[in-house]
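Undergrad: Please read through the structure below; I'll follow up with questions.
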Amino acid sequence: MDINSSITAIVTGGASGLGEATARALAGKGAKVVIFDMNAAKGETVAGDIKGLYCNVNVTSEESVVAGFQAARAAFGQERVLVNCAGTGNAYRTAGRKKDGTITMFPVDQFDRIIQINLVGTFRCIAHAAAGMLTLDPVSSGERGVIINTGSVAAEDGQIGQAAYSASKGGVVGMTLPIARDLAREGVRVNTILPGLFRTPLMTAGGPEFVGKLEAQVPFPARLGNPDEYAGLALEMIRNSYFNGEYVRLDGAIRMAPQ
């Protein structure tokens, strides 16, 4: 699908990191971009920079997501592109032992929280976007829309403490093909990117020494990924009409160690 001024795109988590880079890249190609995010200050700033629209959306809330899609469509029309970048993580061992011998376990409410944001939130946005895309006429390629999700290398090689995060991202990977099959006859494609270690605010918050240790784990190139590299793959998935039902690692050949 060509990316141009006739295309409306929604990017969840578009106020920072991978989502921000993707929102800026789409706008750079002429698309009308709507940012769904909970960080109003950053979201408004990015939307202003790219002449887009910011909507304060919590992907765990049906009401919030419905309101966001309504506002986006009222402003720019029905979207043909959805990029799901909203997500978060946590770290708890399934069960463990403190130094004093006290046994602990992963708080189930915290497990559920990550599933609700990363997996259910992603599916919620997919379902609403897909239903809207089905109202559109196909473009010259026969497509009505493109949906791109964000998984993680943790979907395949999660580390200690990442049971919830890996489960949520593994779920995103696992639903990619069946959703693509669900929507194939309607001309809506679905793909997922599995990023490795990227230079996002979360990764760089630990300071230069911490970043250096992360970079040393990447075989080649031995550095953190740049958000623009994620955005570049997202744009290729949109442009290349034969890209469908796939999940692709973007990770410098890293395979995460247990810890």
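Undergrad: If I filter segment 53-91 down to residues being out of contact with any Cys (no Cβ under 9 Å at 6 or more places or on another chain) and buried (at least 23 other Cβ atoms within 10 Å of the Cβ), which single residue comes out as farthest from Ile7 (Cα to Cα)?
TA: This residue is Gly87.
Undergrad: Ok, one more. Output yes when any residue across segment 171-184 is in a strand (DSSP E or B), at pLDDT 95 or above, within 15 Å of the chain's Cα centre (by Cα) and surrounded by 14 or more Cβ atoms within 10 Å (Cβ to Cβ), and no when none is.
TA: No, segment 171-184 has no match at all.
Undergrad: Among the numbered criteria (1) touching a Gly at 6+ places or on another chain (Cβ under 7 Å); (2) within 21 Å of Phe243 (Cβ to Cβ); (3) not charged (D, E, K, R), which one does Ala184 miss?
TA: All conditions are met except number (1).
Undergrad: So for segment 43-59 (the condition being touching a Lys or Arg at 6+ places or on another chain (Cβ under 8 Å), outside any strand (DSSP E or B) and in contact (Cβ under 8 Å) with a residue 60 or more places away in the chain), does at least one residue qualify?
TA: yes
Undergrad: Check segment 92-100 and report whether any residue there is free of Cβ contacts under 8 Å to residues at least 60 places away in the same chain, of a type in the set (Asp, Glu), surrounded by fewer than 21 Cβ atoms within 10 Å (Cβ to Cβ) and more than 24 Å from Gly68 (Cβ to Cβ). Please lay out each step first, then the result.
TA: Residues of segment 92-100 that are free of Cβ contacts under 8 Å to residues at least 60 places away in the same chain, as a first pass: 95-100.
Retained after the next criterion (residues that are of a type in the set (Asp, Glu)): 100.
Right, trim to surrounded by fewer than 21 Cβ atoms within 10 Å (Cβ to Cβ) and you get 100.
Add one more test, that the residue is more than 24 Å from Gly68 (Cβ to Cβ), and what stays is 100.
Yes, that holds for at least one residue.
Undergrad: Next question. Quick check: anything in segment 250-259 of a type in the set (Val, Ile, Thr), closer than 22 Å to Gly89 by Cβ and touching a strand residue (DSSP E or B) at 6+ places or on another chain (Cβ under 8 Å)?
TA: For segment 250-259, residues of a type in the set (Val, Ile, Thr), closer than 22 Å to Gly89 by Cβ and touching a strand residue (DSSP E or B) at 6+ places or on another chain (Cβ under 8 Å): absent.
Undergrad: State which residue pairs qualify: first residue among the hydroxyl-bearing types (Ser, Thr, Tyr) and inside segment 62-74, second residue surrounded by 13 or more Cβ atoms within 10 Å (Cβ to Cβ) in any location, beta carbons under 6 Å apart, and separation of 6 or more residues or different chains.
TA: Pairs found: Ser64/Val57; Ser64/Asn58.
Undergrad: A further question follows. Looking at segment 203-214, can you tell me whether even one residue there is in contact (Cβ under 8 Å) with a residue 24 or more places away in the chain and of a type in the set (Lys, Arg)?
TA: no
The values are calculated or read from the model by the stated rules, or taken from the named source; none is laboratory data. Given the structure is predicted, the values throughout are model-derived calculations rather than measurements. FYI the Cβ positions are ideal-geometry reconstructions off the backbone, even for glycines, and counts take in every protein chain you see.
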